1. Out of all the residues in segment 24-35, which are part of a helix (DSSP H, G or I) and either open to solvent by 60 Å² or more (accessible area, probe 1.4 Å) or under 18 Å from LYS116 (Cα atoms) (or both)?
2. Out of THR55, THR29, which single residue is β-branched (Val, Ile, Thr) and within 19 Å of the chain's Cα centre (by Cα)?
3. Please indicate, with yes or no, whether at least one residue in segment 147-154 is without any contact (Cβ under 8 Å) to a residue 24 or more places away in the chain and of a type in the set (Phe, Trp, Tyr).
4. Out of GLU156, GLU138, I need the residue that is within 12 Å of the chain's Cα centre (by Cα), acidic (Asp, Glu) and modelled with pLDDT of 95 or more. Which one?
5. Looking at LEU149, LEU168, LEU137, which is the one that is part of a helix (DSSP H, G or I) and buried (at least 17 other Cβ atoms within 10 Å of the Cβ)?
6. For the condition on the phi < 0 side of the Ramachandran plot, of a type outside the set (A, V, I, L, M) and open to solvent by 90 Å² or more (accessible area, probe 1.4 Å), what is the one hit in LYS38, LYS106?
7. Scanning for something free of Cβ contacts under 8 Å to residues at least 60 places away in the same chain, over 30 Å from GLY105 (Cα atoms) and small (Gly, Ala, Ser), does segment 8-17 turn up at least one residue?
8. Only one of ALA117, ALA112 is touching a Ser or Thr at 6+ places or on another chain (Cβ under 8 Å) and under 25 Å from ILE49 (Cβ atoms); which?
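The values are calculated or read from the model by the stated rules, or taken from the named source; none is laboratory data. Note that the structure is a prediction, hence the values are computed from the model and not measured. Every residue, glycine as well, gets a Cβ built from its backbone with ideal geometry; the counts of neighbours run over all protein chains shown. These area figures cover heavy atoms from the full protein model, side chains too; ligands, DNA and RNA do not enter into them. Shrake-Rupley method; radii C 1.70, N 1.55, O 1.52, S 1.80 Å.
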Amino acid sequence: MAEQIELMMRQVKLGGMAKGWRSVRYENTEQYVTELLKLELQEREANRINRMVKTAGFRVLKTLDEFVWNSAIELPSGLTQEYMTDLHFLTPKENLIFMGTVGTGKTHLATAIALKACQEGRKVRFFTAAGLANLLLEKNNKGTLNNFLGSLKKVELIVIDEIGFVPLHKDAAELLFQVISDCYERKSLIITSNLEFSQWNTVFGDNRLTAALVDRLIHHSHIVIFSGESYRLTQSMHRQRSSF
């Protein structure tokens, strides 16, 4: 009989109940039905968040609990860790720009903040700069660019990781500029880069385009400098020393 009950629950798409109904103790009808419905709602919310995390396109999942703050991370005046990690920057549609050398935690922090946004039910997309540029070119060539840009309009936070690693094709640079321009005062961006703004023209290949891009970005942005040594390099050195 129990198996039949679970089967019927699944047939009417009550997977949360099917998983946990046996654990619910009966005290009275209202309590019992309420507990069953809570199980189903919790399961649906968990599934919704998992779908949002998958849609976001994270390369690796990183959490804020795993992130190590240190004195080499320089916050601008008026910005606090809590303002970033509690997602307060999303409401005024501000941007976070993380600059610094490779391996200092920029991507980890960007990913962790964006993951928390997903877990709070906010729509997020995560791209590398090169990956997004190539995707934009592909969509443009296939005639589906407007549909893709339309889907981004529904997103509350876009992460563009690793600006500066790969020079962009002229057409790709212009399309990426369009995406960033479309975000201006409409949604938040988190951008990571190993280059100072003065060097971004080596990526975008056009001084005027780069100047316009930077001008729009910094208007509502908090710029965080990661000035420490590479965390991965430091960990590797520690492991090598401990092996001797």
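1. Selection gives THR29, GLU30, VAL33, THR34, GLU35.
2. THR55
3. yes
4. Step by step, each of GLU156, GLU138 is checked, and only GLU156 is within 12 Å of the chain's Cα centre (by Cα), acidic (Asp, Glu) and modelled with pLDDT of 95 or more.
5. So the residue among LEU149, LEU168, LEU137 that is part of a helix (DSSP H, G or I) and buried (at least 17 other Cβ atoms within 10 Å of the Cβ) is LEU137.
6. That would be LYS38, the only listed residue that is on the phi < 0 side of the Ramachandran plot, of a type outside the set (A, V, I, L, M) and open to solvent by 90 Å² or more (accessible area, probe 1.4 Å).
7. Looking through segment 8-17, at least one residue is free of Cβ contacts under 8 Å to residues at least 60 places away in the same chain, over 30 Å from GLY105 (Cα atoms) and small (Gly, Ala, Ser).
8. ALA112
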